[in-house]
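What follows is calculated from the coordinates using simple rules that are stated; it is not laboratory data. Since we're looking at a predicted model, the values are computed, not measured. All Cβ positions, even for glycine, are placed from backbone atoms using ideal geometry, and neighbour counts span all protein chains on display.
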Amino acid sequence: MEFFDYYLKGLDRDTTRAGLLAAGLTVDVTDEDGEPRRVPAERVNLSTIGTVAVGGEWDAEGNMITAPVEVPGWHVNLRLDRPLSEAELAHIGDWVLDPAPATPVRVWA
């Protein structure tokens with residue numbers, strides 16, 4: 001089976017969650033305790049990275065010498081068994097990193 005992987009970088013957590021919902025890539029459900037939950041839609045795999053920090057330096061004892069720098073945005077990995085549709089891209093297309101990161105924080109196994 002062929003997979004289509006997308007690395008997304010939304011503005012922030014809430015905006016990204018709202019965009020994924022508007023695109024139909026996530027859905028709201030009620031769990032067995034009657035609590036609302038947002039989950040990936042059928043045939044959608046999401047891996048939420050959240051914020052990403054790069055760099056930083058530590059000494060041999062693990063003490064921070066230079067703090068890592070946070071990369072702006074809310075990062076989510078998306079895997080589908082099909083390409084994103086035009087309707088989906090209308091909601092999240094601006095967040096698709098193209099080219100994909102050379103060294104992603106997380107990859108699909």
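Give me the distance in nm between label points sitting 7 Å out from Cα along the Cα-to-Cβ direction at Thr103 and Glu86, one decimal.
Using points 7 Å along Cα→Cβ, the separation is 4.0 nm.
Of all alpha-carbon pairs in the chain, indicate the percentage at a distance above 16 angstrom.
Of all Cα-Cα pairs in the chain, 64 percent lie more than 16 Å apart.
Of the chain, which part is the longest with no trypsin sites (Lys or Arg not before Pro) in a loop (DSSP not H, G, I, E, B) and with at most 16 other C-beta atoms within 10 angstrom?
Counting only loop sites that pass the neighbour cut-off, the longest clear stretch is 44-105.
How much length, in nm to one decimal, is gained on full extension between Ala60 and Phe3, taken as 0.36 nm per residue of separation minus their Cα-Cα distance?
In short, 16.4 nm is gained.
Could you tell me how many degrees, from 0 to 90 and to the nearest 10, lie between the Cα long axis of helix 13-22 and the main elongation axis, the longest principal axis, of the Cα atoms of the chain?
On a 0 to 90 degree scale, this one is about 20.
Using the Kirkwood formula over every pair of different C-alpha atoms, what hydrodynamic radius in Å results for the stretch 39-90?
14.1 Å
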